Structure formats: structure tokens, C-alpha cells
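Quick one: the structure is below, and I'll ask about it shortly.
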Amino acid sequence: MPEAVIVSALRTPIGTARKGTLRDTDGFTLADHVVAAVAADLDPNQIDDVILGEGRYGGGVLARHAAVTSGLTTVPGLATNRHCAAGMAAVQSAAASIRAGMDRLIIAGGVNADSTAPRLRFRVGEDEWLDPWTSPTHPDRPEAPNLDMSITVGWNAAVKAGISRAEMDAWALRSHRNAIAAIDEGRFADEIVPIKTPHGLFEVDEHPRRDTTIEKLAGLKVLHPEIEGFSITAGNAAGANDGAAALAIASDRLGLPALGVIRSWASVAVDPAVTGLAPIEAIAKAVSRAGISLSQVSLIEINEAFAVVPLAAIKALDIDQELVNVSGSGCSLGHPVAATGARMIATLVHELRRRGGGFGIAALCAGGGMGSATVIEVAAP
């Protein structure tokens, strides 16, 4: 069976939605830019497909648009959507096809342009429309509201896992400090592809805050003051963000220089009310499929859709927190939803290479009670 190897892993800088540098850069432009960057050093005749996660962008298949714009007119495109795990699902789908021997080389990733996302309408009567409308992923319940992730991902998980507001605020501060350190040390240099925008050349993630403090985080109002003890704030939650990421996934039989190998992956589902706990099961399942133990893992990325998500996983799986989100995550870098899963794998493979190799895990929860994880291995130099 062929191995699925990562031969390129790139992303745009992450922008703050609706007020950041990418606010006037649409999803097509983001997709075109990152796919072209990944394809630049590849033989176009070897590329079999482009798969991009996307969400709330109209259903026009951004992947095919990017393929054509990049000159890959004979390469088809596929859109995937697993909400926050959409970009990761694209990478997993590419790896599956390559390991099955169906394809040799696929560009896979995700795109999120929250600032320019189109609005949807839904007809509920002969001349009556819901406008704007968001498609539900699960039936609404009081304890699991469809459109309020602060409850299904944040608060319910915090209550279930016994994680306090103070712990979440401290983790959010750590996230910002780690992200700023990664930026200042140039750790993202190998993965970021600067992009020209109407507001200038965008080269550095803009969401991390250098001036945040534990006092500032503790002073923020909770999102649901009417719920007794509610502990979720804008500070211990991810931002709304724009960005794109893409990886070239190839069969090892092509002989291309490899950054790393995709060893396993797993997607799971839990009750939507405790979506924030889904990565716990996804990590355990992916590690088992890889035939390794957590003690063999050198680095772990667990997306901070809310700070409670990595904290709950660390507690449940007895993970050394010093291995988790060493360069920041959703609370600091931001969470460009459909791109995040691919962004995490890109960051993980480059950081593992910088540290001399080893196993790494990228994991995240996804709307509707889903979770996904991917195990990669980077060889020692």
C-alpha cells in the first residue's frame, strides 16, 4: 500500500474577520492564492485533484475555481464540509485516496472568508423567507442550541470536565504568549505565503494580542450572564477569522521529498450538547489506528475553538500540556473555520521538523457534536 506523504504545507496569514487585513479579500482569491503556491513546485501533470474544505460560501466549489486559476485546467475540484474539521477532512480524504492507490498527488486544505461570506435565504412559506439563514447541523434543544457554540462547545464541556473560568483565562493568555513568541522567533516563516490585499501586503498573523493580560481577560463579561456560573467570554474563545491553508499530499512512490507522513486519522461524534469533548475520543481513536501510544507523541495541536477544548482533552487523556499548542491556537492565532484543520497540520509538520522529528497529532471539535484527529510522523534528519 502506498504511503501518503506531505510534500508541501502552506497557509496564508490569519486575518481578523470584518475588520482585519483580509476583510475585502474573498474566498476565491484566498483559495486561488494558496493552491497556486502549493502547486508552484509540482509537476501539474501529476496532480490528480484539488480538495478544499469550505463552509457558508455558496457551494460553488472553490477547489475547482482555484485549480483553473492556477492553470490546472485538467484537474477537478471537490468541496468538503465538516464544519471546523472541513480542512482536515480534505487532507484525510486525499490521504485515503492515495493510500488506496487511486490517486498519486492531491492538493488538499481549506478556505474560510468570513468577512465576505454570502448570505443565505430559506423559504418557509409561499412568500416568506428567513433572511439571513444558517443551515442547522442538528435539531435544536435547550441544552444544545444549533447556533450557539459558547454553550455546546464551551460551557457544557467546561461543566462536564470541571474546568474553571480561571483555568480557561490562563490558557487563553498562554495561547497569546505562545503565538507571539512563534511570530517573533520566525517559526511560521516556512508555512506562511504572504498575500497582496487592497490594504497592503499581508505577511503576519494579526489576531494575537501582545498587550493582553490575565487581568484583562478576567475583566471580560461572560457571554450568557443569565446562566448562573457561566464562564465563557470572548477572551477564552476563538476569534472569527479569515484565512486559507493547503497541503500537497502524494504517494511515496512518486519519490518526491517528504516533509512528513500521514499515519492515521479518525472522526467521531458525540451528543451535540458536549461538542467540545469530541476531540478526546478522536485523539484516542486516531492514536490507536496509528499503532502508537500517546507517550510516543512529541507535539499535539488541539484547536482552541474555546480554551476548554484542549484543557478537557489534556485532563481526560493525561497529556503533558507543554506539548500542546506550542505556537498558539484559536484563542490567539484565530479560527478560520474551514481552514483550521489544514492550518493545524501545516503548523504541526513544520514545527516537528524544526524540533528534529517525531509523531504529532492535530485534533479539533466540529459543529454538531463532531470531532476529528490526524496523526503524522516526521522523520529525524
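For the condition touching a Ser or Thr at 6+ places or on another chain (Cβ under 9 Å) and surrounded by fewer than 24 Cβ atoms within 10 Å (Cβ to Cβ), what is the one hit in 39, 95, 117? So that I can check it myself, show each step before the final result.
Numbers: 95 fails: surrounded by fewer than 24 Cβ atoms within 10 Å (Cβ to Cβ); 117 fails: touching a Ser or Thr at 6+ places or on another chain (Cβ under 9 Å).
Unique residue meeting the criteria: 39.
Please go through the range 157-180 and give me each residue that is open to solvent by 30 Å² or more (accessible area, probe 1.4 Å) and part of a helix (DSSP H, G or I), ordered by number. Break it down stepwise before answering.
Step one: filter the range 157-180 for residues open to solvent by 30 Å² or more (accessible area, probe 1.4 Å), giving 159-160, 162, 164-167, 170, 174, 177-178.
Correct list: 159, 160, 165, 166, 167, 170, 174, 177, 178.
In addition: Considering (1) closer than 23 Å to residue 22 by Cα; (2) open to solvent by less than 70 Å² (accessible area, probe 1.4 Å); (3) hydrophobic (A, V, I, L, M, F, W, C), say which one residue 151 fails and leave the rest.
In the conditions (1) closer than 23 Å to residue 22 by Cα; (2) open to solvent by less than 70 Å² (accessible area, probe 1.4 Å); (3) hydrophobic (A, V, I, L, M, F, W, C), residue 151 misses (1) alone.
Of all residues in the range 49-77, count the ones that are touching a residue at least 24 places away in the same chain (Cβ under 8 Å), buried (at least 18 other Cβ atoms within 10 Å of the Cβ) and not in a helix (DSSP H, G or I).
13
Still on this structure, I have one more. Is there a residue in the range 98-105 that is under 18 Å from residue 6 (Cα atoms), open to solvent by less than 50 Å² (accessible area, probe 1.4 Å) and assigned to a helix (DSSP H, G or I)? Walk me through how you get there before you give the answer.
Keep residues of the range 98-105 that are under 18 Å from residue 6 (Cα atoms), which gives 98-105.
When the remaining residues are screened for being open to solvent by less than 50 Å² (accessible area, probe 1.4 Å), the result is 98, 101, 103, 105.
Imposing the further condition that a residue be assigned to a helix (DSSP H, G or I) reduces the set to 98.
Within the range 98-105 (the criterion being under 18 Å from residue 6 (Cα atoms), open to solvent by less than 50 Å² (accessible area, probe 1.4 Å) and assigned to a helix (DSSP H, G or I)), the answer is yes, since at least one residue qualifies.
This table checks each residue for (1) closer than 24 Å to residue 159 by Cβ; (2) in contact with a helix residue (DSSP H, G or I) (Cβ under 6 Å, 6 or more places away or on another chain); (3) without any contact (Cβ under 8 Å) to a residue 40 or more places away in the chain.
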residue: 241; (1), (2), (3): no, no, no
residue: 264; (1), (2), (3): no, yes, no
residue: 274; (1), (2), (3): yes, yes, no
residue: 292; (1), (2), (3): no, no, no
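Working carefully through the options 218, 278, 245, find the one that is small (Gly, Ala, Ser) and open to solvent by 30 Å² or more (accessible area, probe 1.4 Å). It would help to see each step written out before you state the result.
Values: 278 fails: open to solvent by 30 Å² or more (accessible area, probe 1.4 Å); 245 fails: open to solvent by 30 Å² or more (accessible area, probe 1.4 Å).
Step by step, each of 218, 278, 245 is checked, and only 218 is small (Gly, Ala, Ser) and open to solvent by 30 Å² or more (accessible area, probe 1.4 Å).
Among the residues of the range 136-148, what is the count of those that are of a type in the set (Ser, Thr, Tyr) and open to solvent by 90 Å² or more (accessible area, probe 1.4 Å)? Full working, then the answer.
Within the range 136-148, the first condition is being of a type in the set (Ser, Thr, Tyr), and the residues that meet it are 137.
Okay, now just the ones that are also open to solvent by 90 Å² or more (accessible area, probe 1.4 Å), so none.
Count: 0.
Oh, and also: When only residues in the range 315-345 that are in contact (Cβ under 8 Å) with a residue 12 or more places away in the chain and of a type in the set (S, T, N, Q) count, which is nearest to residue 244 (Cα to Cα)?
The qualifying residue nearest to residue 244 (Cα to Cα) is 340.
Would you check if residue 153 is over 21 Å from the mean Cα position of the chain (by Cα), at pLDDT 95 or above and not small (Gly, Ala, Ser)?
no
Oh, and also: Among the numbered criteria (1) of a type outside the set (S, T, N, Q); (2) open to solvent by 20 Å² or more (accessible area, probe 1.4 Å); (3) under 25 Å from residue 236 (Cα atoms); (4) within 21 Å of the chain's Cα centre (by Cα), which single criterion is violated by residue 185?
With (1) of a type outside the set (S, T, N, Q); (2) open to solvent by 20 Å² or more (accessible area, probe 1.4 Å); (3) under 25 Å from residue 236 (Cα atoms); (4) within 21 Å of the chain's Cα centre (by Cα) applied to residue 185, the lone miss is (4).
In addition: Within the range 120-157, take every residue that is without any contact (Cβ under 8 Å) to a residue 24 or more places away in the chain and among the aromatic types (Phe, Trp, Tyr) and give me the one that is farthest from residue 369 (Cα to Cα).
129
So which of 377, 304 ends up being open to solvent by 10 Å² or more (accessible area, probe 1.4 Å), in contact with a Leu (Cβ under 9 Å, 6 or more places away or on another chain) and among the acidic types (Asp, Glu)? I'd like the intermediate steps shown before the answer.
Numbers: 304 fails: open to solvent by 10 Å² or more (accessible area, probe 1.4 Å).
Matching residue, one of 377, 304: 377.
Given the condition farther than 30 Å from residue 33 by Cβ and not in a helix (DSSP H, G or I), answer yes or no: does some residue in the range 236-248 qualify? First the steps, then the outcome.
Within the range 236-248, the first condition is being farther than 30 Å from residue 33 by Cβ, and the residues that meet it are 236.
Now restrict to residues that are not in a helix (DSSP H, G or I): 236.
Yes, the range 236-248 has at least one match.
The values are calculated or read from the model by the stated rules, or taken from the named source; none is laboratory data. Everything numeric here is computed off the predicted structure, so don't read it as measured data. As a convention, Cβ positions derive from the backbone with ideal geometry for all residues, glycine included, and neighbour counts pool all protein chains shown. To get the accessible areas, we keep the full protein, side chains included, count just its heavy atoms, and leave off ligands, DNA and RNA. Shrake-Rupley method; radii C 1.70, N 1.55, O 1.52, S 1.80 Å.
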